[in-house]
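Accompanying notes for the structure given below.
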Amino acid sequence: MLSVCCLCDDNGARAAAALKPLRAVAGEVIVAVREGMPPDELAAVAAVADRLERIAPLGWAAQAWSWLHRQCSGDWILRLDGDELCSPALLAALPSLLERRDVRQYAISRRWLWPDEGSWLPDHPWGTDRQRRLYRRDAALHFSGRQGTGAEPCFPARDVPEPILSLGALLRPERHAPGRPRRVRSAALDEADRAAARGVLHARADAVGDVVAPPVVPAEAVLRHWAGRALGPGAYRARVVPVSGPRVLRVGEQRPYHVVIHNEGDEPWPGGEDREPLIRPSYHWLDAGGTTVVFDGLRTALPAPLAPGGACRMPVSVLAPAAPGGYELRFDLVHERHRWFESPAAAQPVTVQAA
Amino acid sequence: MTLSVCCATADPPARVARVLAPVRELADEIVVAYDARVDPDTLGPVAALADRLVRFEFRDYVEQALGWLHSLCSGDWILRLDGDEVVSRRLLELLSGLKHEHDVAQFWLGYRWLYPDPGHWLAEPPWSFDTNRLVRNDPATMWFPGLCHTVAEPAFPAAYPDAPLYHLSWLVSTPQALQVKVEHYLVMPSGHAPEVIEQDVPAFYRPDVASHGAPAPVPPEDLPFILNVLAASHDAADARGVLEDVPFVPWADVERRWAHRPIPETAYRARVLPLVDELRLRRGERCQVPVRVGNDGTETWPGGGHRAPLVRLGHRWADGAEGRTMLPGPLGPGETVVVDAVIEAPSRRGRHGVTFDLVHEDIRWFGCAGPALRVEVRG
């Protein structure tokens, strides 16, 4: 099942016209609009959306991607911006794209319409623009939330030549159109694309309907899913319980220790090698006198996301200290570039022998 | 969610039948591929249990056949068992709950080498490790490197349940037979570093001559499973029976799904075209260049940073400096993809040229580079 989601800034009628043809292939259409959208525009969107959300202003759109995609329940998700539409060719291709099992993410060509609704910009950088907008809804889907970014690249991906059409340069030339000093070439859109673009570009809201505006989702609720959010002190609660691992190591030996990690805080941890907030298990080595001799232990990626209240069993790679002796191995979690959790001591004695 | 259990083996059929029996009720499908050198008339016990039984042409090591073996499976999950392994009770419990498991791509199972008797195992490397034997049958994530002693490519998200597999090699072989394995595996192409192989393979197969700590006891709940499989030698004599129509799969069919298959000359055909004519960059500046790559050859390139045959988009500056960008996904014959090649401008000001071509790492460049992209370096 395909979910279509859209974050629409201003013109609801235009977004509605763009989304309407997708109803034939989508199992659900979810639209988020800005808090102050006029009632007639809101009514236009409500007519095509299965779910309509109003959200408080954010710093930038990408801060909303994680939250927006969490509203979706389909196996696949297609995201459109409020000033975009699917070309008729893309609409026709969608069913076969969704059938493929050997793809996790599609990069769809995007055509920038300029200088009029019948033309587009074929040259770089506009003509080579591809957007990761169609993806499986699974644990690999992740958004950094940095300004101007979309979904993080995911393997395996494929290209889709059938384009999304962007009206951005026509609607906001000051932001998106080629600068005047630059001479750019334009090409004619084919008739089907031109007709589709014209229909969306000139869509107007009808008279105000009887739509009931949904309550506004506060910015805090949206940003709670943003990868770049600051974590509160309530996030840094965890318990690491060692379950197996050697009591004797050789100097410089690297071995896995199995631990069970409990997320007792109020934030989900995304897991993986590079997903923010980047929270990873690690450890410290203390000598017999209680002095820390290795503070920054090796890091091991969490093998899966871990929600508040959840627990996961996993191996943590441990590197023995460089000198023989009796030590205490103390496991903990670290939020990279921020702080250690200082979890309740999950320690065990380890004897390190000469190699 | 459905479960396939697969097994590629040359082990005695009576034992293999006992290895598979505990999962029979849990598996929607059991697929067994027998080394074709085994007398087909002895396969009766396995034929009685398996939904699909084939004989295949074995070459050097079983990992060569894993891509092909898994392609025979139709379940949503695939568990691979060897003919000298035994499931634990907790693994059976895990399998019984799999139909509700949607959030994991792979389960890593604890591997326990039984030594010196059925009631003990060696709880330390190289005999004890986690192995991702239970994988989602997802063509987007399931892939096999195909080198000796390798398993499936790791996929995210994963789980490490306390659900072990027991290994019987020591209990069903002689030290002499295990030494033969050591000599064989030391010369096979491995997915591990040579120094690791030289150290671990002899110890792995010959715990009797390696140093190790005291073996750990097998939980009482698992001992009956182990003893039952070991008892297979008693019923081997009853196992004979003439089997007809066990399909034979030649090496060519197995090899087609082996990552390290020989690549024919006809594969190295491509169109590689940067979609930018010229660039202006600062010294040392990194930028992305969209390059259209069309596969005009006869092979599918798997893409990614590690998958063999490792074909990547390469670029070369006139002074010989090179760089690589991985293909974002598989690229089949006739298919095209735009790759954002990451290049770094030379440190010298002036006019430069950079060409793009596909490269089969450690083998060859394709020789399909188009015209050079002109790069003017300033500042």
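Rg over Rh for the protein assembly as shown works out to 1.00, using Cα positions for both radii and the Kirkwood form for Rh.
Panel order for A:Arg137, A:Arg100, by other beta carbons found within 10 Å of each beta carbon, from fewest to most: A:Arg100, A:Arg137. The average projected area of chain A, computed from the convex hull of its Cα atoms over all directions, is 21.7 nm². Spin-label model, B:Asp296/A:Asp40: points 7 Å from Cα along the beta carbon direction are separated by 5.7 nm.
Below 8 Å, C-alpha to C-alpha, sequence gap of six or more: please give me the relative contact order for chain B in percent. Computed value for chain B: 16 percent relative contact order. Dividing the convex hull volume of the alpha-carbon atoms in the stretch B:1-89 by its residue count gives 86 Å³ per residue.
What the pair-distance distribution of the stretch B:270-379 shows, using all Cα-Cα distances binned every 5 Å from zero, is 2, 13, 24, 25, 16, 11, 6, 2, 0 percent.
Counting other beta carbons within 10 Å of each residue's own, what order do B:Leu313, A:Leu85, B:Leu53 fall into, fewest first? Mind dumping the intermediate values first?
Values: B:Leu313 24, A:Leu85 29, B:Leu53 21.
Ranked by crowding around the Cβ, least crowded first: B:Leu53, B:Leu313, A:Leu85.
For the stretch B:3-255, the average shadow cast by the Cα convex hull is 13.1 nm², which is a quarter of the hull's surface. Counting only Cα atoms, the stretch A:233-353 measures 39, 23, 22 Å along its principal axes, largest extent leading.
Estimated at 0.36 nm per residue, the fully extended path between A:Asp123 and A:Arg51 surpasses their Cα-Cα distance by 22.2 nm.
Over what distance in Å are the Cα centres of the stretch B:248-315 and the stretch B:89-125 separated? Value for the Cα centre distance between the two parts: 37 Å.
When shorter helices are ignored and each DSSP H run of at least 4 residues is given -39500 (n - 2.57), the per-residue value for the protein assembly as shown at 222 nm works out to -4500 deg cm²/dmol.
With charges set only on the Cβ (+1 for Lys and Arg, -1 for Asp and Glu), what does the dipole of the stretch A:2-223 come to about its Cα centre, in debye to the nearest 20?
640
Site pair A:Gln254 and A:Met1 shows an inter-label distance of 4.5 nm when each label is modelled 7 Å from Cα along Cα→Cβ.
Mind sorting A:Arg70, B:Arg89 by how few other Cβ atoms lie within 10 Å of their own Cβ, fewest first?
A:Arg70, B:Arg89
Please determine, in degrees from 0 to 90 and to the nearest 10, the orientation of helix A:88-99 with respect to the longest principal axis defined by the Cα atoms of chain A, where the helix direction is its Cα long axis. So the inclination is approximately 30 degrees.
Bear in mind these aren't lab numbers, they're just calculated from the coordinates by the rules spelled out. All of these numbers come straight from a predicted model, not from anything done at the bench. Using ideal geometry, Cβ is built from the backbone for each residue, glycine included, and neighbour counts are taken over all protein chains shown.
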